[in-house]
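Novice: Sending over a structure as structure tokens; questions will come in a sec.
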Amino acid sequence: MSEISSYAFSTRTVNTTPDEQYGAITAPIYLSTSYRLPADGSAAPYSYQRSNNPTREAAEKAIANLEGAAYAIGTATGMGVISTIFSHLKPGDHVVLSSSVYGGTFLYVGEFFAERGITAEFAPDINHLEEVPGNTAMVYIETPTNPTFRVTDIAHAAHLAHGVGAKLVVDNTFSTSYLQRPLEHGADAVVYSATKFIGGHSDVLAGFLVLDDAEAYDRYKTAAKALGNQLSPFDSYSILRGLKTLTVRMDKQQENAAKIRAMLAQHPAVARVLAPGWYSAEEAEIHARQSRGDGAVFGFELADGVRHEDFAAGLRLIPYAVSLGSVETLIAHPATQIHESLTPQERAAAGISDQLIRVSIGIEDSADLIADLTRALDGALAAH
Ligand SMILES: *Cc1c(COP(=O)(O)O)cnc(C)c1O
């Protein structure tokens, strides 16, 4: 681990691997795809961009360092990391997943697991599972889940996985290592879509796999090289730039989100607000134990008869758009915009009703956001 790892979290987001050669304060972007190699045939630190790249390594070191982990692997997208982590599953393997995983993860499982001889089980409540099948190779969770904000006890999921020699993988995109560090609770690997909070500006796709195990690191590094889904030097730079403001952005986003949830909870057009811990006192306690905050993404359900189309039509400031974790507030309708690849039955089983709206809060002035949402909700209520 590098020497800067003893600094506090926000210091580490800023002090990301300075340039050794010229003393540059920000990481230089190395675009070269190829590097001069020693004439005697000995190994060189860099040879070809798909294998290694100094800018990508700077981003990987920064991400690993924030997590307190030994290794990180940067990929072109969050799905790039998820497909890399699934690449070593073999015929006969079983995977237990949280029931409302990210839509792209659900898509991957549906497209590739059966034809590769892998079985999958979407478990609605991993907290109350006492064991997983003996052929389980991986337990794969998101906590809180997207977009139903259910909480899974990471330590319990690790215990279930390790009981049968399986690995626990946690998609920590919603929390980032600022709020929640799954490796500290027994997870074997953490996956990120850095497209979201880590990048933070809706302008770069990226993913990271974070882990401590040297052998697993080598295996996944080779997998990423074979799959060819590396994070590019430009995108590595954008991630390092975004990372520097992660804590100030998330502090402001969480502050705004708390104010907006309080307003929504009082509005007659809203049936209920879904944020981590909403489901039960037990989940609230688990979340408080393993996480430092509720994040800035949450859901709410419109009251019966209030149409989501009327609500969306009333928004002036906030765009109706997918994605999350950026400086601007975005609102989406999961049933038609995010989880449209699920059947209505699968959506119902995952708790995604047609009345559910997902909100990702940005860093705008909270009064402007509250005014926009209030107008849209008032309008939808009047139309109904
Ligand atoms: C967006 C997202 C992903 C996929 O990331 P991409 O960068 O879009 O490939 C995975 N997991 C979660 C929780 C996400 O929100």
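The values are calculated or read from the model by the stated rules, or taken from the named source; none is laboratory data. Since we're looking at a predicted model, the values are computed, not measured. Glycine also receives a Cβ, built like all others from the backbone with ideal geometry; neighbour counts cover every protein chain displayed.
Novice: In a helix (DSSP H, G or I) and of a type outside the set (Ser, Thr, Tyr): which single residue out of Val81, Val96 fits that description?
Specialist: Answer to the selection: Val81.
Novice: Residues being surrounded by fewer than 20 Cβ atoms within 10 Å (Cβ to Cβ) and of a type in the set (Phe, Trp, Tyr): count how many of those fall in region 190-227.
Specialist: So the count comes out to 0.
Novice: Also, I was wondering about something else. Could you list all residues from region 341-373 that are part of a helix (DSSP H, G or I), among the polar types (S, T, N, Q) and within 26 Å of Gly199 (Cβ to Cβ)?
Specialist: Within region 341-373, Ser366 is the sole residue that qualifies.
Novice: Take Lys221 and decide whether it is under 18 Å from Gly80 (Cα atoms), basic (Lys, Arg) and within 14 Å of the ligand (Cβ to nearest atom).
Specialist: Against the criterion (under 18 Å from Gly80 (Cα atoms), basic (Lys, Arg) and within 14 Å of the ligand (Cβ to nearest atom)), Lys221 does not qualify.
Novice: Okay, moving on. In the set Ile260, Ile239, which member is more than 15 Å from the ligand (Cβ to nearest atom), in contact with a helix residue (DSSP H, G or I) (Cβ under 9 Å, 6 or more places away or on another chain) and not basic (Lys, Arg)?
Specialist: One residue alone meets the criteria, Ile260.
Novice: While we're looking at this one, here's another question. Filtering region 191-218 down to residues that are among the aromatic types (Phe, Trp, Tyr) and within 16 Å of the ligand (Cβ to nearest atom), which residue is farthest from Lys61 (Cα to Cα)?
Specialist: The extreme case among them is Phe197.
Novice: Can you name the condition, by its number, that Gly277 falls short on among (1) more than 16 Å from the ligand (Cβ to nearest atom); (2) within 30 Å of Pro28 (Cα to Cα)?
Specialist: (2)
Novice: Name the single residue that is farthest from the chain's Cα centre (by Cα) among those in region 88-106 being under 23 Å from Tyr217 (Cα atoms) and within 15 Å of the ligand (Cβ to nearest atom).
Specialist: Out of the qualifying residues, it is Leu97.
Novice: So, one more: When both residues are 6+ apart or on different chains and their Cβ atoms are under 7 Å apart, which pairs have a first residue that lies in region 60-78 and is hydroxyl-bearing (Ser, Thr, Tyr), and a second that is part of a loop (DSSP other than H, G, I, E, B) and surrounded by 24 or more Cβ atoms within 10 Å (Cβ to Cβ)?
Specialist: Thr75/Leu231; Thr77/Thr195; Thr77/Ala206
Novice: Mind telling me which of the residues Glu340, Glu328, Glu282, Glu346 ends up being surrounded by fewer than 18 Cβ atoms within 10 Å (Cβ to Cβ) and more than 20 Å from Pro124 (Cα to Cα)?
Specialist: On the way: Glu340 fails: more than 20 Å from Pro124 (Cα to Cα); Glu282 fails: more than 20 Å from Pro124 (Cα to Cα); Glu346 fails: more than 20 Å from Pro124 (Cα to Cα).
Every option except Glu328 fails the conditions.
Novice: Just the residues that are over 14 Å from Leu381 (Cβ atoms) and in a helix (DSSP H, G or I), please, taken from region 289-311.
Specialist: The answer is Arg289, Gln290.
Novice: With within 30 Å of Tyr237 (Cβ to Cβ), away from the ligand (no atom under 15 Å from the Cβ), among the aliphatic types (A, V, I, L, M) and in a helix (DSSP H, G or I) as the only criterion, which of Ala59, Ala43, Ala64 stands out? Steps first, answer last, please.
Specialist: Values: Ala59 fails: away from the ligand (no atom under 15 Å from the Cβ); Ala43 fails: in a helix (DSSP H, G or I).
Just one listed residue meets the conditions, Ala64.
Novice: Could you tell me which numbered condition Asp125 fails, if it satisfies all but one of (1) under 27 Å from Gln254 (Cα atoms); (2) more than 16 Å from the ligand (Cβ to nearest atom); (3) touching a strand residue (DSSP E or B) at 6+ places or on another chain (Cβ under 7 Å)?
Specialist: The number of the failed condition is (3).
Novice: Still on this model: Which residue out of Val164, Val109, Val132 is under 28 Å from Ile331 (Cα atoms) and either of a type outside the set (Asp, Glu) or within 16 Å of the ligand (Cβ to nearest atom) (or both)? Before the answer, list the steps.
Specialist: Details: Val164 fails: under 28 Å from Ile331 (Cα atoms); Val132 fails: under 28 Å from Ile331 (Cα atoms).
Sole residue among the options that is under 28 Å from Ile331 (Cα atoms) and either of a type outside the set (Asp, Glu) or within 16 Å of the ligand (Cβ to nearest atom) (or both): Val109.
Novice: Scan Thr26, Thr84 and give me the residue that is within 30 Å of Ala187 (Cα to Cα) and in contact (Cβ under 8 Å) with a residue 60 or more places away in the chain.
Specialist: Thr84
Novice: Need the failing condition index for Val81 against (1) β-branched (Val, Ile, Thr); (2) closer than 23 Å to Asn229 by Cα; (3) away from the ligand (no atom under 16 Å from the Cβ), just the number.
Specialist: Failed condition: (3).
Novice: If you go through region 158-174 one residue at a time, do you hit one that is of a type outside the set (Phe, Trp, Tyr), at pLDDT below 95 and within 19 Å of the chain's Cα centre (by Cα)?
Specialist: no
Novice: Moving on to the next point. Which residues, taken from region 315-336, are hydroxyl-bearing (Ser, Thr, Tyr), more than 16 Å from the chain's Cα centre (by Cα) and closer than 11 Å to Arg358 by Cα?
Specialist: Of everything in region 315-336, those that are hydroxyl-bearing (Ser, Thr, Tyr), more than 16 Å from the chain's Cα centre (by Cα) and closer than 11 Å to Arg358 by Cα turn out to be Tyr320, Thr329.
Novice: Right, something else. Out of all the residues in region 129-145, is one or more surrounded by fewer than 22 Cβ atoms within 10 Å (Cβ to Cβ), more than 26 Å from Asp212 (Cα to Cα) and of a type outside the set (A, V, I, L, M, F, W, C)?
Specialist: Looking for residues that are surrounded by fewer than 22 Cβ atoms within 10 Å (Cβ to Cβ), more than 26 Å from Asp212 (Cα to Cα) and of a type outside the set (A, V, I, L, M, F, W, C), one finds at least one in region 129-145, hence yes.
Novice: Further question on the same structure: Is there any pair with a first residue in region 98-111 that is touching a residue at least 40 places away in the same chain (Cβ under 8 Å) and of a type in the set (A, V, I, L, M) and a second that is near the ligand (Cβ under 10 Å from one of its atoms) and not in a loop (DSSP other than H, G, I, E, B) whose Cβ atoms are under 6 Å apart and which are 6 or more apart or on different chains, and what are they?
Specialist: Filtered contacts from region 98-111: Val101/Glu142.
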